[in-house]
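A short write-up of the structure that comes next.
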Amino acid sequence: MPIADELRKLPATAIPWAKIEPSDVLELQLNVSWFEALSYMVKHRISSVPLKQNDHYVGHVDRYTFVHWAAEYTKKTILEAEASGNAPPSPDTISAEIIKLFTTQPLTHMDKAFFHSMNLIGTNDSAFDVVQTLSRPGVYRTYLTDNGKICGIITQQGMFSWLVDQPFVREHPELQKATIGTLLKASAGGNTKTKSSYVHFDLSTPAYIAISAIKRNPTDKSLADGCVMLGEEGTLITMLRRRDLDEIACREDLTLLCATLSHVIAEARNSEVAATAGAIIVTSDALLLTVAKRLAASHFEQAFVSPIGGFMVSWASVEEVVSDGRIARYLLEQ
């Protein structure tokens, strides 16, 4: 039976989801500050929080966006100081300025680019609806609703980890022999990321430069889809994950933005397993489901395809980028 049909038989709640209480929805009319919203996310170990105004959901904010804006602010502050012939402010000074601004300014006074549109799916909808929504580029979470009220959240990575572990996926006869090359030849890859849409820096680059160069949301057309870090002779070392930025947001200060990428990566992943150390590099003949499971286990969003594969591969040899969303879209067609 086609995977899409199997998913239609399952409720949306079959996919792991986190419960959201009414108190987890912030009321904009109460002049909630950005920092209050961030503190709430950190305290409750969640990456985003829904926003409501006059009984209407108006969007959500997330930790990633906070760190992205802070990186942009840091870059602007340092460039302005250099243009004026002054020494740039210290990391402590910049961090204090950002925290002060976000503590005193209510969300209603901030740029609307901070607010992300919400994807709502009813608890009576199917797992197919969830997978289809979360496999779209730039969609990282969807909210579950019960009688029109938000009651839960499903993340893109949570969905993907669940999907590739389902028996009707693992035991699918065609998928068991499908390779990355099979995926690359398929038609399911619309809106795919390409190598040219990535920026690359060496590990000694200040974090704020790399973070401010990548997209905050899909509408940031002038920014890159992702950021990779290169070592000597252009060797592909690793990439900056959304999860890494979420970890930065948990810090009591933001001086880490001025640290090198190597330091930020080490700090953000110090409690994770070794699988998160390096980029996932595969050849086109690698089994698709094996790559999918590696992505799910490591919290990386993309694998890089090179004719060499393995470790110590140069960025110049990378030919394709395969995202978990692209794999999920392909699975829906099987």
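Readers should treat all values here as calculations from the given coordinates under stated rules, not as data from a laboratory. What you see is a predicted model, and the numbers here were worked out from it, not measured in a lab. Backbone-built Cβ (ideal geometry, glycine too); neighbour counts: all protein chains shown.
What are the semi-axes of the equivalent ellipsoid for the chain, taken as the square roots of 5 times the Cα gyration tensor eigenvalues, largest first, in whole Å?
Working: eigenvalues 217, 162, 42 Å².
They are 33, 28, 15 Å, listed largest first.
Under 8 Å for C-alpha pairs, at least 6 residues apart: give me the relative contact order for the chain, rounded to a whole percent.
Working: 571 pairs, mean separation 70.7, N = 334.
Contact order relative to length: 21 percent.
Could you name the lysines whose alpha carbon sits less than 21 Å from that of K195, not counting residues in the same chain fewer than 8 places away?
K185, K215, K221
List the relative contact order of the range 170-332 as a percent without decimals, with contacts defined as Cα pairs under 8 Å and 6+ residues apart. Kindly include the intermediate steps, with their values, before the conclusion.
Working: 250 pairs, mean separation 46.0, N = 163.
Relative contact order for the range 170-332 comes out at 28 percent.
Given the Cα-Cα distance of S23 and E6 and 0.36 nm per residue of separation, how much length would full extension add, in nm? Write out the running numbers ahead of the final one.
Working: separation 17, 0.36 × 17 = 6.12 nm, distance 3.49 nm.
Here the answer is 2.6 nm.
Could you work out how much longer the chain between D253 and N86 gets when fully extended? Use 0.36 nm per residue separation minus the Cα distance between them, nm to one decimal.
Working: separation 167, 0.36 × 167 = 60.12 nm, distance 2.38 nm.
Gain on extension, D253 to N86, equals 57.7 nm.
Assuming 1.567 mPa s and 4 °C, estimate D for the range 237-334 with Stokes-Einstein, Rh taken as the Kirkwood radius over Cα pairs, in µm²/s. Walk me through the numbers on the way to the answer.
Details: Rh = 14.7 Å.
The estimated diffusion coefficient comes to 88 µm²/s.
For an R0 of 25 angstrom, estimate the FRET efficiency from the Cβ-Cβ distance between S197 and E232 and round to the nearest 0.05. Write down the numbers at each step before the final one.
Details: r = 24 Å, r/R0 = 0.98.
The formula returns an efficiency of 0.55 here.
When the convex hull of the Cα atoms of the range 170-332 is projected onto a plane and the area is averaged over all directions, what value comes out in nm²?
Details: hull surface 39.9 nm².
In nm², the orientation-averaged hull projection of the range 170-332 is 10.0.
Quickly work out the S222-to-I308 label distance, labels modelled 7 Å from Cα along the C-beta direction, and quote it in nm with one decimal.
Label-label distance for I308 and S222, simple model: 3.5 nm.
Could you calculate the FRET efficiency of S204 with E267 from 1/(1 + (r/R0)^6), where r is the beta carbon distance between them and R0 is 25 Å, rounded to 0.05? Spell out each step's value before the answer.
Details: r = 15 Å, r/R0 = 0.61.
E(calc), rounded to 0.05, equals 0.95.
Can you list the HN-Hα couplings for the range 32-44, worked out from phi with the Karplus curve (6.51, -1.76, 1.60; θ = phi - 60°), rounded to whole Hz and with x for Gly and Pro?
Per-residue couplings from phi come out as 5, 7, 4, 5, 5, 5, 5, 4, 5, 5, 5, 4, 8 Hz.
Hey, got the dipole for the chain? About the Cα centre, +1 on K and R Cβ, -1 on D and E Cβ, debye to the nearest 20?
I would put it at about 500 debye.
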